[in-house]
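Derivation of every value follows stated rules applied to the coordinates shown; laboratory data play no part. Just so it is clear, the structure is predicted and the values come from calculations on it, not from any experiment. Here the Cβ is made from the backbone with ideal geometry for all residues, glycine too, and neighbour counts use every protein chain on show.
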Amino acid sequence: MDTLDILEAESVHVLREVAAQFKRPVLLFSGGKDSLVLLRLSEKAFRPGKFPYPVLHIDTGHNFEETLSFRDQTIERLSEQMIVRRVEDSIQAGRAQDETGPYPSRNRQQSVTLLDAIREFGFDAAIGGARRDEEKARAKERFFSYRNAQGGWEPHQQRPELWNLYNGRIHLGEQMRVFPLNNWTEFDVWSYIKRERLEIPSLYFSHQRTCVRRADGSWLPMSKHVTPPPGDLVETRTVRFRTVGDMTCTSPVFSQASSLDEIIEEIRTAEFSERGSRADDQRSETAMEDRKREGYF
Amino acid sequence: MDQLRFMTAGHVDDGKSTLIGRLFLDHGKILKDQLQTIERASRNQGKSETNLALFTDGLKAEREKGITIDVAYRYFSTQQRKFIIADAPGHYEYTRNMVTAASQVDAAVILVDATRGMAEQTRRHAWLIHWLGVRNIVFALNKMDLLDYSEKVFREREKEIIDWIKPIAHGLDFTLMPIAALKGDNILRPSPDLNWYTGKTLDQWLHETPARSFPAAKYPTRLSIQGAVSTIGDSENYTGTLASGVLTIGDELHVAQDDRIIQVQGIWKSGQKTDQVQAGEAIQISLSNGEKLSRGQLLEEPEYPTKKSNRWLVEFCAMTDDSMPMDTAFFARHFTSETPASFECIDETLDLRTLQWAPTEHATLTSPQIGRGVLSFASPITADAFGSIPGAGRMILIRESDHATAVAVLLKEALPDTIS
């Protein structure tokens, strides 16, 4: 077994434990590369049967148009069940509030919609594509990560997790977040996408795009959600996206990489980390931990 | 390229997190934005030098207190090898998180503060790592810079460790080396200040120590069923991860729990039909003659059966902060099966100074107590003793009341059944 085989076997084992230990699991799907890998691993784990869980997409309203159409095609090709819940509806219902200013983000608001959806359907486990190598708070995650009845993470008192014996026992109202890709690196994900010939949104490949440079020097794609103040530079550049989140928090990277091999080479020699391009992580030093405590995945 | 999963362990403040920061920095694997973040945080702490420990201490509480609370996992690769690193906490009260890390690795770097020698917590870590079956261990005597790189002190510490470890040294591949993690001495490069030392650098050791190799064909086949996947009509495939041995189409296997012999008709791995699979692979199988299986059933090679009993002699490490009475009700998880269980007796605890088991009168369990006793199960457990087959004899006890993962257990010996 090579390293990808070992990672695949570990993840498939985890997915099958979810299927066996929970009554109503769900798979969180963003349309990004990591959740696409999760779908392929679900096929490996459960075909020729159906997935033992539906796929849930939290539509922030700030998604790239392309991610949404890609999402719909992918789920249709797999003939699996998809649930979509919208941050817009949470805002209309007064459950969440939009940010104001020139660059509003809905990153934080999506935790409200996610927790509401979990309650609405009674999900007891939510599978996510987060990886330990992405971010310092995620580096602390278990495979089965316990969440209290409010959906919050208590990082200072996590359950021990030994070998591959996963403890999925929870009380009514509590939930588990499950991270089958914990041990995958960004490099592993791209190597697997190549090996499995996975289709991915073209946002990941080099293209021309109108972008805006903000006063702090960071870049965002231009979109209808932002209103750059005078002084912020709007320019067309050759870019790609290294992670795909919302248009309002995902910075493009300047890149000529237009094939999987070029992307893999670019990552191998990268001087900056993957989530260095995520504005949602840069808001404070503990931005990810804070959001995870609130129920973000 | 192969992959080594290793951990750092040792007493609090002996330099575990600093060592990992140093290893990444010297390999050029701390990326620009990560380094900026660490430098900014170091300044916020009022430090003039970059605090490398901040590279792995990712939680707010960890940065505030300057300690590691839970395991941080870090990933990097060189031309020769991929590494998964578990940076474990040193504090006594977080021993359970160290145990979590130790259960996942092939090798361990145990840091010892050379200015002080082995602390009790260092002994606890070293013993638990060995107990969990990690065979490749290096004792890195750190902070040699504070001792003017003295060979004399190093030799004293070396003797102290070798004398202490003797009772458990059989089968261990352990070595000792001097380092100074803060300065980078003997991490990637040999240090001119340690010219009396002619052994490996830590980086060399990490590259040369044997990586995970899944148990080969010589071990008996064990497959614990995870679940079923429906196929065409009303037939089913069964899923599981092959724990040991090999499995070939046509093999006859014994169902340990109900004494049936079943025959494997088809095997799939990674979505592909295949003729043979080996330990470590996550597979599906179909059975001849419409035989059925359910979750938790253990398939075994008929010539090499498991032991079966509702009473097992066990060794354990308790992992809850509160103290549990001996009659605490647990769910015992062994492979994919779960069985109600409780302790019949707790006979002995480990003396970390002498590494001898001593009789105990304690009838309670509390973290991080290490003991020996008898576990009694509601229905018989079919298992192999820990150490007899790679991966065998591992168990966790989940407390029934609050579902805490409460005790780490190694099954040592099947005892005669009680008369029911």
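What the table shows:
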{"item": "A:SER259-A:ASP232 FRET efficiency (beta carbon distance; Förster radius 41 Å; 0.05 resolution)", "result": "0.80"}
{"item": "Debye intensity ratio in log₁₀ form over the Cα atoms of the stretch B:359-420, taken at each q of 0.15, 0.19, 0.28 Å⁻¹", "result": "-0.58, -0.92, -1.33"}
{"item": "Pairs from A:LYS292/B:LYS47; A:LYS44/A:LYS194; B:LYS29/B:LYS183; B:LYS159/B:LYS412; A:LYS33/A:LYS194 whose Cα-Cα separation, in the structure shown, is over 20 Å", "result": "A:LYS292/B:LYS47; B:LYS159/B:LYS412"}
{"item": "Local electrostatic count, B:ALA114, Cβ distance below 9 Å [Lys/Arg +1, Asp/Glu -1]", "result": "+2"}
{"item": "Dipole of the protein assembly as shown [Lys/Arg +1, Asp/Glu -1 at C-beta], most positive-end residue of B:ALA385, B:GLN34, A:PRO160", "result": "B:GLN34"}
{"item": "Per-pair calculated FRET efficiency, R0 = 25 Å: B:SER288 and B:SER230 via Cβ, rounded to 0.05", "result": "0.90"}
{"item": "Cα lying deepest toward the dipole's positive end in the protein assembly as shown, options A:PHE123, A:VAL87, B:LEU223, charges on Cβ", "result": "A:VAL87"}
{"item": "Viscosity 1.567 mPa s, 4 °C: Kirkwood-radius Stokes-Einstein D of the stretch B:307-414 over Cα pairs, µm²/s", "result": "94 µm²/s"}
{"item": "Fraction of beta bridges assigned by DSSP in chain B that are antiparallel (%, nearest 5)", "result": "75 percent"}
{"item": "Estimated [θ] at 222 nm from DSSP helical runs (n ≥ 4, -39500 (n - 2.57)) normalised by residues in the protein assembly as shown, nearest 500", "result": "-7000 deg cm²/dmol"}
{"item": "Inter-label distance, nm, simple model (7 Å from Cα along the C-beta direction), A:ASN148/A:THR210", "result": "4.7 nm"}
{"item": "Long-range HN-HN contacts of B:ARG260 with modeled amide H, under 5 Å", "result": "B:VAL255"}
{"item": "C-alpha center-to-center spacing [the stretch B:339-366, the stretch B:165-244] in angstrom", "result": "29 Å"}
{"item": "Gap separating the Cα centres of the stretch A:91-144 and the stretch B:384-420, nearest whole Å", "result": "37 Å"}
{"item": "Residues listed by number, the stretch B:176-197, amide nitrogen under 11 Å from B:GLU151 label point at 7 Å toward C-beta", "result": "B:194-197"}
{"item": "Anisotropy class of the stretch B:2-208 from Cα gyration tensor, a/c 1.5 cut", "result": "rounded"}
{"item": "Distant-in-sequence amide H partners of B:GLY227 (H built 1.01 Å from N, under 5 Å)", "result": "B:THR239"}
{"item": "Label-point separation, A:GLU271 to B:LYS218 (7 Å along Cα→Cβ), nm", "result": "5.1 nm"}
{"item": "All aspartates and glutamates inside 14 Å of A:LYS23 as judged from Cα atoms, apart from same-chain residues fewer than 8 positions distant", "result": "A:ASP124, A:GLU174"}
{"item": "Segment B:LEU31-B:ASP259, length gained on full extension (0.36 nm per residue, minus Cα span)", "result": "76.4 nm"}
{"item": "B:LYS159-B:LYS412 FRET efficiency (beta carbon distance; Förster radius 41 Å; 0.05 resolution)", "result": "0.85"}
{"item": "Rg over Rh, two decimals, chain B (C-alpha only, Kirkwood Rh)", "result": "1.01"}
{"item": "Cα long-axis angle, helix B:120-131 against chain B (0 to 90 degrees, to the nearest 10)", "result": "40 degrees"}
{"item": "Using θ = phi - 60° and Karplus 6.51 cos²θ - 1.76 cosθ + 1.60, couplings along the stretch B:52-69 (whole Hz; Gly, Pro as x)", "result": "5, 5, 5, 4, 10, 7, x, 8, 4, 5, 5, 6, 5, 8, x, 10, 9, 9"}
{"item": "Taking only Cα atoms of the stretch A:4-54, radius of gyration then Dmax in Å", "result": "10.6, 30"}
{"item": "Centroid-to-centroid separation of the stretch B:1-78 and the stretch A:248-297 [C-alpha atoms, Å]", "result": "19 Å"}
{"item": "Computed magnitude of the charge dipole of the protein assembly as shown (debye, nearest 20; Cβ of K, R +1, Cβ of D, E -1)", "result": "760 debye"}
{"item": "Estimated inter-spin distance, A:LEU172 and B:ARG135, nm [label 7 Å along Cα→Cβ]", "result": "5.0 nm"}
{"item": "In order through the stretch B:81-97: 3J(HN,Hα) via Karplus (6.51 cos²θ - 1.76 cosθ + 1.60), integer Hz, x for Gly, Pro", "result": "8, 9, 10, 10, 10, 10, 8, 8, x, x, 4, 3, 6, 10, 4, 4, 6"}
{"item": "From phi via Karplus (6.51, -1.76, 1.60), per-residue ³J(HN,Hα) for the stretch A:269-274 in Hz, x at Gly/Pro", "result": "10, 5, 9, 10, 7, 4"}
{"item": "Environment charge of B:ILE30, counting only residues whose C-beta is closer than 15 Å and scoring Lys/Arg +1, Asp/Glu -1", "result": "-3"}
{"item": "The protein assembly as shown: radius of gyration and largest Cα-Cα distance (Dmax), Å", "result": "26.0, 85"}
{"item": "Qualifying aspartates and glutamates (Cα of each under 18 Å from Cα of B:LYS307; at least 8 residues distant if same chain)", "result": "B:ASP258, B:ASP259, B:GLU315, B:GLU338, B:ASP384, B:GLU413, B:ASP417"}
{"item": "Degrees separating the helix B:32-44 axis from the principal Cα axis of chain B, which is the longest one", "result": "60 degrees"}
{"item": "For the stretch A:112-213, fraction of C-alpha pairs farther apart than 16 Å, in %", "result": "67 percent"}
{"item": "Net charge over other residues, Cβ less than 9 angstrom from the Cβ of A:PRO102 (K, R count +1; D, E count -1)", "result": "0"}
{"item": "With Cα atoms, 0 to 90° folded angle of helix A:33-46 axis to chain A main axis", "result": "20 degrees"}
{"item": "DSSP-defined beta bridges in the protein assembly as shown - what % are antiparallel, rounded to 5", "result": "70 percent"}
{"item": "Leading residue at positive end of dipole, the protein assembly as shown (Cβ point charges), from A:PHE187, A:LEU172, B:ASN136", "result": "A:PHE187"}
